[in-house]
Amino acid sequence: MTKYTDQARGYIASGDFNGHRIPQHIQNQIIKSYCDANSLKFVLSRAEYWINGSTDCQLWAALKEGFKHIVFYSIWQLPDSENVRNKIYDYCIKNEIILHFAVERMCSIENQLAFSEIEILIKSNLLIVNEIDYNNHLINLRKLM
Amino acid sequence: MNSERSWDFRENQELVASHEYIQEGYIIEKADFQYLKLIKQDIERAYFEFVNIVNKETYNLENAHLSISHEKINDLRLFIMQNIYQNTSFHRNYYYSAKNIIHSLCGNELAMQKRPGLSINLPQNQNDILPIHADTWNGVSPFELNIWMPLVNCTESMCLYILKRDDYKRRLKQSKELLRLTSDELYNELCDDLTWIPIEYGQILAFDQSLPHGYSLNKEQYTHWSINCRFKGLHTPYWDKKLGEYFMPITVKNCTRLGMDYHHPENWI
């Protein structure tokens with residue numbers, strides 16, 4: 001069960017995540033601004049470890065603290081593994097935790113539908129970034145037209 | 001238009017629209033009014049709420065300048081945007097009001113701008129001028145389609161202006177230094193070639209934002225209100241405006257969903 005219902009724990013990245021690198025103080029400012037705009041009390045962020053590609057050590061620590069709201073700097077900080085993400089969603093639903101993503105101005109209301117929409121966004125992006133080689137694709141497409 | 005061996009299976013109506021869009025850089029179509037009406041209602045509701053908060057007398061959108069001072073216009077704009085983007089019903093109505101032309105020019109598996117832009121140009125307000133620009137000059141993908149909807153009838157200087165494709169090509173060819181000019185210099189340089197696009201409430205403008213466009217000073221008696229939103233094929237290239245922060249996937253089809261979740265059987269041979 002969550003204890004701190006109006007408080008929002010920030011969650012920021014260290015180093016690169018998904019091709020981005022944002023100084024931590026800038027991430028905190030964006031999260032603080034998101035919290036202000038959404039009437040949430042910002043609690044200083046946990047910074048994810050930057051060890052061996054870690055993406056969820058500090059996230060799990062934040063999830064287990066008892067905050068009702070966890071505010072990520074960006075949705076692209078979610079772990080790469082779909083299984084790990086699903087465990088996080090299940091834990092949030094069970095414990096009534098709302099995940100927020102400041103850059104994308106999104107939040108998960110505590111149900112499966114919200115998380116499935118987050119998954120569609122992540123998978124669409126992975127498809128675009130990893131699967132489509134635009135340069136060759138467009139060159140080949142033009143040849144066929 | 002299509003020969004028997006062509007791979008271009010686009011319907012005739014779509015080809016006609018595409019031809020006009022390529023030729024002019026824009027096309028005007030009728031909006032689906034049942035959805036457009038809902039869009040306008042949402043904006044009016046938020047506008048009236050704002051005017052009531054600042055204790056002014058309320059007028060219709062065209063006469064908003066009688067209620068709102070030049071200094072308050074950006075507060076009003078942000079208030080309305082905050083209000084209408086609380087959920088996605090506004091976006092849904094926007095998409096459905098322009099669905100036909102979006103599908104014709106862009107496709108049906110789409111990404112949509114998360115926060116459409118709202119323009120309110122009061123008469124004689126210098127701050128409401130939108131300097132001439134092409135969105136692609138600032139990292140916007142040329143694969144995007146801008147769907148622009150007036151909420152009032154727009155004539156003369158209330159209209160969006162655009163430099164048509166042929167004129168743009170000609171001017172670029174004449175001077176490679178064109179893009180080194182400041183936006184004021186560029187406007188003065190191109191002014192005689194610009195086209196102000198008259199449009200009425202109930203119509204939608206689909207335009208190519210890779211062509212220079214903007215708003216000049218509104219010299220008419222009425223306030224300009226319009227809203228603009230970008231759509232693109234979900235799987236077409238993104239430049240600086242990314243999925244998630246700027247775009248949301250709105251019509252992901254079933255086969256794409258299945259493909260995304262497909263796992264090849266491991267050790268199956």
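The values are calculated or read from the model by the stated rules, or taken from the named source; none is laboratory data. Computed from a predicted model, the values in this text were never measured in an experiment. We place every Cβ from the backbone using ideal geometry, glycine too, and count neighbours over all the protein chains shown.
Some observations on this one:
- Residues located in the range A:87-133, provided they are within 14 Å of chain B (Cβ to nearest Cβ), in contact (Cβ under 8 Å) with a residue 40 or more places away in the chain, assigned to a loop (DSSP other than H, G, I, E, B) and of a type in the set (A, V, I, L, M, F, W, C): A:Ala102, A:Val103
- Some residue of the range B:31-43 being without any contact (Cβ under 8 Å) to a residue 60 or more places away in the chain and either aromatic (Phe, Trp, Tyr) or within 14 Å of another protein chain (Cβ to nearest Cβ) (or both): no
- Within the range B:126-141, residues that are without any contact (Cβ under 8 Å) to a residue 60 or more places away in the chain have Cβ atoms under 8 Å from residues that are β-branched (Val, Ile, Thr) in these pairs: B:Asn127/B:Ile73, counting only partners at least 6 apart in sequence or on another chain.
- Exactly one residue out of A:Ile109, A:Ile70 is in contact with a Leu (Cβ under 6 Å, 6 or more places away or on another chain) and β-branched (Val, Ile, Thr), and it is A:Ile70.
- Qualifying position, being touching a Lys or Arg at 6+ places or on another chain (Cβ under 8 Å), over 16 Å from B:Gly107 (Cβ atoms) and within 12 Å of chain A (Cβ to nearest Cβ), among B:Tyr201, B:Tyr246: B:Tyr246
- Residue within the range B:44-63 that is under 19 Å from the mean Cα position of the chain (by Cα) and among the small types (Gly, Ala, Ser) present: no
- Members of the range B:44-73 found to be closer than 15 Å to B:His224 by Cβ and in contact (Cβ under 8 Å) with a residue 24 or more places away in the chain, listed by number: B:Tyr47, B:Leu61, B:Glu62, B:Asn63, B:Ala64, B:His65, B:Ile68, B:His70, B:Ile73
- Check on B:Tyr47, modelled with pLDDT of 95 or more, of a type in the set (Ser, Thr, Tyr) and either over 23 Å from B:Cys159 (Cβ atoms) or in contact with a Lys or Arg (Cβ under 9 Å, 6 or more places away or on another chain) (or both): no
- Count - residues of the range A:65-85 that are of a type outside the set (Val, Ile, Thr) and either crowded, with 20+ Cβ neighbours inside 10 Å or within 12 Å of chain B (Cβ to nearest Cβ) (or both): 10
- Taken over the range B:163-211, residues that are in contact (Cβ under 8 Å) with a residue 40 or more places away in the chain, surrounded by 14 or more Cβ atoms within 10 Å (Cβ to Cβ) and among the acidic types (Asp, Glu) amount to 1.
- Test: residue in the range B:156-173 that is in a helix (DSSP H, G or I), of a type outside the set (A, V, I, L, M, F, W, C), more than 14 Å from chain A (Cβ to nearest Cβ) and within 13 Å of the chain's Cα centre (by Cα): no
- Within the range A:2-23, considering residues that are within 15 Å of the chain's Cα centre (by Cα) and not in a loop (DSSP other than H, G, I, E, B), the one nearest to A:Trp60 (Cα to Cα): A:Tyr11
- In summary, strands (runs of 3 or more DSSP E) completely within the range B:205-269 and bearing 2 or more residues that are among the aromatic types (Phe, Trp, Tyr) occur at B:224-233.
- Among the residues listed as B:Ile43, B:Ile68, B:Ile28, the single one being surrounded by 17 or more Cβ atoms within 10 Å (Cβ to Cβ), aliphatic (A, V, I, L, M) and part of a loop (DSSP other than H, G, I, E, B): B:Ile68
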